[in-house]
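Have a look at the structure below before the remarks.
The values are calculated or read from the model by the stated rules, or taken from the named source; none is laboratory data. Note that this is a predicted model, so its numbers are computed, not measured. Glycine also receives a Cβ, built like all others from the backbone with ideal geometry; neighbour counts cover every protein chain displayed.
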Amino acid sequence: MLKNFKLYVEEDYSTMSQRAAEVFANAVKDDPMGAYGFATGSTPIGMYEALIKLQNNGKADLRKITAFNLDEYYPIQPDDPQSYYYFMRQNLFDAISLSPENTHIPNGAALDPIAECKVYDEKIASAGGINMQVLGIGTNGHIGFNEPAENLPATTAYMPLTESTIADNARNFASPDEVPRNSLTMGMHSIMMAKRILFLASGENKAEILQNAFNGPITTMVPASFLQLHHDVTIVVDKAAAKLL
Ligand code: F6R
């Protein structure tokens, strides 16, 4: 494991989520009005629940942050319960009273997805960059929706999803046919520019890809492997995910 990583291996999903929430809340304490990057998916849900509790107990205050999400399906309407916009309002933003003006998610309903990518990059730049970016990892090594490929995008991009991600994410839809085939995702440079990365993974099905990403070669075929080049990565995992590290 590289020295620039701070690794927390926690007993289970619940303690992992608690630890991640504490790391995040400490970053917000240092910069309460900064910009923070969020991820969706099943992994960060427990951390979001823990953050809500910390705020309700007066131990954290997230009400003044600006939020940027990594990605969104395309095409999708924001009010679709499968949209990441909806996910974030349900799982975090409403409960921490973060107003919609302070939350940004690529617009999956934009008529011109490529123009939307540019707009999104400009918003991140005008917020002064991201202080801490929360990341999960796909079983194929993707971060955001930067899927394994010969080339990876630098800035926010309109990207197709791979068959493996469509299959993984189908669990949240009535059938695989309903999973949108494309996405808008922050690119690798946008992610790497975050001052700090808070990386989460849980469960045995992530053990092998974690080993490849953090101990294997840096390759576009495992996009998360580029995190080996980031100077400030905090990895919070449960024992099952850390099995091969
Ligand atoms: C979601 C995202 C994805 C997920 C990844 C893992 O915003 O960026 O990269 O982090 O697909 O998803 P889960 O947590 O559902 O295993």
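Screening segment 89-137 for residues that are among the polar types (S, T, N, Q) and away from the ligand (no atom under 16 Å from the Cβ) and picking the one that is nearest to Met192 (Cα to Cα) gives Asn131.
When segment 121-137 is limited to residues that are under 17 Å from the mean Cα position of the chain (by Cα) and either at positive phi or part of a loop (DSSP other than H, G, I, E, B) (or both), the one that is modelled with the lowest pLDDT turns out to be Gly129.
Return the total of residues in segment 21-40 being out of contact with any Leu (no Cβ under 9 Å at 6 or more places or on another chain) and aliphatic (A, V, I, L, M). Spell out how you get there, then give the answer.
Our first condition is that a residue be out of contact with any Leu (no Cβ under 9 Å at 6 or more places or on another chain); within segment 21-40, this holds for 26, 29-31, 33-35.
If we keep only those that are aliphatic (A, V, I, L, M) as well, we get 33, 35.
Final tally of qualifying residues: 2.
For segment 136-195, filtered to residues that are among the β-branched types (Val, Ile, Thr) and out of contact with any helix residue (DSSP H, G or I) (no Cβ under 7 Å at 6 or more places or on another chain), the residue that is nearest to Pro113 (Cα to Cα) is Thr185.
To keep it simple, each residue is scored yes or no on (1) of a type in the set (A, V, I, L, M); (2) at pLDDT below 95; (3) closer than 29 Å to Ala157 by Cα.
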residue: Arg19; (1), (2), (3): no, no, no
residue: Ala27; (1), (2), (3): yes, no, yes
residue: Pro44; (1), (2), (3): no, no, yes
residue: Ala50; (1), (2), (3): yes, no, no
residue: Tyr84; (1), (2), (3): no, no, yes
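Tallying residues that are within 30 Å of Ala25 (Cβ to Cβ) and in contact (Cβ under 8 Å) with a residue 40 or more places away in the chain within segment 165-199 yields 16.
When Val119 is tested against (1) among the hydrophobic types (A, V, I, L, M, F, W, C); (2) in contact with a Leu (Cβ under 8 Å, 6 or more places away or on another chain); (3) surrounded by fewer than 19 Cβ atoms within 10 Å (Cβ to Cβ), just one condition goes unmet, and that condition is (2). Evaluated against (1) without any contact (Cβ under 8 Å) to a residue 24 or more places away in the chain; (2) farther than 20 Å from Tyr74 by Cα; (3) among the small types (Gly, Ala, Ser), Ser202 falls short on exactly one condition, (1). If you filter segment 38-72 down to residues that are in contact with a strand residue (DSSP E or B) (Cβ under 6 Å, 6 or more places away or on another chain) and among the aromatic types (Phe, Trp, Tyr), you find that the one that is nearest to Ile124 (Cα to Cα) is Phe68. For segment 144-180, residues that are basic (Lys, Arg) and either under 19 Å from Gly108 (Cβ atoms) or crowded, with 16+ Cβ neighbours inside 10 Å (or both) total 0. Could you say whether any residue in segment 55-62 is among the small types (Gly, Ala, Ser) and at pLDDT 95 or above? Yes.
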